[in-house]
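Enquirer: Mind having a look at this structure? Questions to follow.
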Amino acid sequence: MTTISQTARTSHAVAEQFVERLGRQDPDGIQELFAEEIDWYVPGSAALPWTGRRTRREEVAAFFTTMWPYYVPGRSRVVLERVVVDGADVVLLASFTHTIVANGREFTTPAALHLAVEDGRIVRLHLYEDTLTIAQAFTAG
């Protein structure tokens, strides 16, 4: 018989709140889920000004408020394929589809989002996606 630890239950609940707030595009609500000090990494390029490292909770909302205006409202889709929980670690496997405001191009990328939860707060967010596809969608002529 498998017993799910309280840590895993808490981690899963926090991840569910994250996904729910992400779905309704609530940057302040998302930010509330994070610890004061965080390990945040979203790889990217200079063409994608929201990417990079963040280390403080107050930097979280700015990620979303910087990124979302680059995409056509109502044309983004996130398909959550699987949630894997191992104690404090949660991995969200998904695909993201967005349409770029500036050029009308649509792209889809598989994504894995690794969250770590401590004391009911997210302390780590690392995003793994096809950054080349995204950069090319923004910069291709």
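No lab work stands behind these numbers, since they all come straight from the coordinates. This one's a predicted model, so the numbers in the text were calculated from it and none came from an experiment. With ideal geometry, Cβ positions are generated from the backbone for all residues, glycine too; neighbour counts draw on all protein chains shown.
Enquirer: Whether any residue in the stretch 97-106 is touching a strand residue (DSSP E or B) at 6+ places or on another chain (Cβ under 9 Å) and free of Cβ contacts under 8 Å to residues at least 24 places away in the same chain is what I want to check.
Expert: Within the stretch 97-106, one or more residues are touching a strand residue (DSSP E or B) at 6+ places or on another chain (Cβ under 9 Å) and free of Cβ contacts under 8 Å to residues at least 24 places away in the same chain.
Enquirer: So, one more: Are any residues in the stretch 37-56 farther than 14 Å from Leu127 by Cα and β-branched (Val, Ile, Thr), and if so, which ones?
Expert: Across the stretch 37-56, the qualifying residue is only Thr55.
Enquirer: Output the qualifying pairs, or none if there are none: Cβ atoms under 8 angstrom, residues six or more apart or on different chains, first residue in the stretch 12-28 and without any contact (Cβ under 8 Å) to a residue 24 or more places away in the chain and within 18 Å of Val84 (Cα to Cα), second residue charged (D, E, K, R) and loosely packed, with under 13 Cβ neighbours inside 10 Å.
Expert: none
Enquirer: If Asp89 satisfies all but one of (1) more than 25 Å from Ile4 (Cβ to Cβ); (2) charged (D, E, K, R); (3) surrounded by 14 or more Cβ atoms within 10 Å (Cβ to Cβ), what's the number of the condition it fails?
Expert: (1)
Enquirer: Another question, then. Starting from residues that are under 17 Å from Leu80 (Cβ atoms) and crowded, with 18+ Cβ neighbours inside 10 Å, keep the ones in the stretch 112-126 and report whichever is farthest from the chain's Cα centre (by Cα).
Expert: Across the stretch 112-126, the extreme among qualifying residues is Ile122.
Enquirer: When you check Ile38 against the structure, is it touching a residue at least 24 places away in the same chain (Cβ under 8 Å), surrounded by 18 or more Cβ atoms within 10 Å (Cβ to Cβ) and in contact with a helix residue (DSSP H, G or I) (Cβ under 6 Å, 6 or more places away or on another chain), yes or no?
Expert: No.
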